[in-house]
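What follows is a single structure, written as structure tokens, with notes after it.
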Amino acid sequence: MQPVFRFAPSPNGELHLGHARSALLNHSLARAMNGRFLLRFEDIDTERCRREYEASIVDDLRFLGIDWDEEPRRQSEHFADYRAALDALAGEGLVYPAFMTRGEVKAFAARFEETEGRPWPRDPDGAPLYPGLDRSLSEDEREARIATGEPFAWRLDMRRALDRLGLLTFQEAGLSPDDEGVEVEAEPALWGDVVLARKDVPTSYHLSVVVDDALQGVTEVVRGRDLLPSTSVHRVLQALLGLPAPRWRHHDLVLGNDGRKLSKSHGDTALRTYREAGLQPHDIARMVGL
């Protein structure tokens with residue numbers, strides 16, 4: 001089987017050095033393994049993602065000498081695919097509408113910690129776990145609250161999912177073409193009942209990425225080590241939806257001078273800025289450790 005790689009940025013800002021490292025690694029591995037390389041725009045956040053950022057990303061990638069083997073996929077043009085996957089999970093009784101907002105979950109966790117004197121569990125990203133209070137609502141109450149226009153999110157019933165699936169593993173490989181990897185035990189329970197969609201957005205990162213990877217035939221996922229914990233959620237969704245599991249390769253991050261990972265939201269230096277300063281592709285590759 002021909003390996004298929006992908007680079008999937010969100011067009012909500014300029015690319016930075018961390019993106020350059022991931023794109024270059026994906027592209028170089030794809031070419032070394034005689035595979036295909038795809039570009040995908042993860043633009044489900046239609047308020048923040050813009051076509052001008054897409055154009056800038058394409059320009060930066062071409063500057064780095066990166067090409068791709070088919071037209072880029074835009075997630076915003078495929079909401080029906082994600083809706084179909086969500087409907088399939090709903091038909092199995094594996095998702096439910098949850099009405100607590102992020103702020104209410106944080107407030108709940110704070111009250112628990114104050115009254116109980118011990119920490120409320122948090123997911124691998126550090127956010128307090130959703131307490132599952134809406135899981136036991138009756139169908140009538142759910143429908144009534146939805147009918148009033150109350151905001152809600154579709155959450156995966158993780159306990160029910162894991163009761164059905166049992167132990168899950170995934171294949172984690174290194175960054176050389178001939179590294180077959182090792183089996184790693186997934187830990188999806190650490191995430192609790194994750195959000196799969198919202199009232200106004202019919203998908204989430206977790207749901208859309210597994211659907212896209214399956215539809216595009218992706219066999220190799222090369223991405224930053226910060227996303228390694230998310231792999232456990234993706235394995236659950238793949239197993240529930242009957243989707244193939246790719247092989248993962250999680251690489252080290254490019255860190256800022258303060259030791260944190262680079263981020264568009266923190267205003268870290270854009271790749272375009274280095275280009276305007278006269279740096280060449282080989283300079284960028286050196287800066288990201290390649």
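Can you report the number of residues in region 57-89 which are more than 30 Å from residue 285 (Cβ to Cβ), within 19 Å of the chain's Cα centre (by Cα) and assigned to a helix (DSSP H, G or I)?
11
Would you be able to say whether some residue in region 27-36 is in contact with a Lys or Arg (Cβ under 8 Å, 6 or more places away or on another chain), of a type in the set (Lys, Arg) and not in a helix (DSSP H, G or I)?
No; the residues of region 27-36 include none that is in contact with a Lys or Arg (Cβ under 8 Å, 6 or more places away or on another chain), of a type in the set (Lys, Arg) and not in a helix (DSSP H, G or I).
May I ask you to list the residues in region 152-172 that are of a type in the set (A, V, I, L, M, F, W, C), in a helix (DSSP H, G or I) and over 19 Å from the mean Cα position of the chain (by Cα)?
161, 162, 165
Kindly indicate which of 233, 184 is over 30 Å from residue 287 (Cα atoms) and part of a strand (DSSP E or B). Break it down stepwise before answering.
Details: 233 fails: part of a strand (DSSP E or B).
184 is the lone residue from the list that is over 30 Å from residue 287 (Cα atoms) and part of a strand (DSSP E or B).
Among (1) in contact (Cβ under 8 Å) with a residue 12 or more places away in the chain; (2) assigned to a helix (DSSP H, G or I); (3) over 20 Å from the mean Cα position of the chain (by Cα); (4) under 19 Å from residue 157 (Cβ atoms), there is one condition residue 93 misses while meeting the rest; what is its number?
Every listed condition holds for residue 93 apart from (2).
So which of 32, 80 ends up being among the hydrophobic types (A, V, I, L, M, F, W, C), within 15 Å of residue 204 (Cα to Cα) and surrounded by fewer than 17 Cβ atoms within 10 Å (Cβ to Cβ)?
On the way: 32 fails: within 15 Å of residue 204 (Cα to Cα).
Within the list 32, 80, the selection yields 80.
Confirm whether residue 196 is farther than 30 Å from residue 28 by Cα, in contact (Cβ under 8 Å) with a residue 60 or more places away in the chain and not in a loop (DSSP other than H, G, I, E, B). Before the answer, list the steps.
Working: farther than 30 Å from residue 28 by Cα: yes; in contact (Cβ under 8 Å) with a residue 60 or more places away in the chain: yes; not in a loop (DSSP other than H, G, I, E, B): yes.
Taking the combined requirement at face value, the residue satisfies it.
Going through region 114-138 one residue at a time, which ones are modelled with pLDDT of 95 or more, buried (at least 16 other Cβ atoms within 10 Å of the Cβ) and not in a loop (DSSP other than H, G, I, E, B)?
Within region 114-138, just 128 meets the criteria.
If a residue has to be among the small types (Gly, Ala, Ser) and over 23 Å from residue 218 (Cβ atoms) to count, how many in region 39-74 make the cut?
So the count comes out to 2.
Kindly evaluate residue 182 against the criterion of being touching a Pro at 6+ places or on another chain (Cβ under 7 Å), under 30 Å from residue 68 (Cα atoms) and not hydroxyl-bearing (Ser, Thr, Tyr). Before you say what the answer is, go through the steps one by one.
Values: touching a Pro at 6+ places or on another chain (Cβ under 7 Å): no; under 30 Å from residue 68 (Cα atoms): yes; not hydroxyl-bearing (Ser, Thr, Tyr): yes.
So residue 182 fails the test.
Got a sec? Which of 137, 168 is hydrophobic (A, V, I, L, M, F, W, C) and within 29 Å of residue 247 (Cβ to Cβ)?
Values: 137 fails: within 29 Å of residue 247 (Cβ to Cβ).
Every option except 168 fails the conditions.
In region 199-226, which residue that is free of Cβ contacts under 8 Å to residues at least 60 places away in the same chain and farther than 30 Å from residue 150 by Cα is surrounded by the most Cβ atoms within 10 Å (Cβ to Cβ)?
Restricting to residues being free of Cβ contacts under 8 Å to residues at least 60 places away in the same chain and farther than 30 Å from residue 150 by Cα, the top hit is 214.
Across region 199-222, what is the number of residues that are among the aliphatic types (A, V, I, L, M), assigned to a loop (DSSP other than H, G, I, E, B) and either under 15 Å from residue 246 (Cα atoms) or modelled with pLDDT of 90 or more (or both)?
Here the count works out to 1.
If I go through region 8-26 residue by residue, how many of them are touching a residue at least 60 places away in the same chain (Cβ under 8 Å), within 16 Å of residue 222 (Cα to Cα) and outside any loop (DSSP other than H, G, I, E, B)?
9
Are any residues in region 254-290 modelled with pLDDT under 90 and under 23 Å from residue 33 (Cβ atoms), and if so, which ones?
288, 289, 290
The values are calculated or read from the model by the stated rules, or taken from the named source; none is laboratory data. As the structure is a prediction and not an experimental result, all values here were calculated from the model. Because the Cβ atoms are built from the backbone with ideal geometry, glycine has one as well, and the counts that use them run over all protein chains shown.
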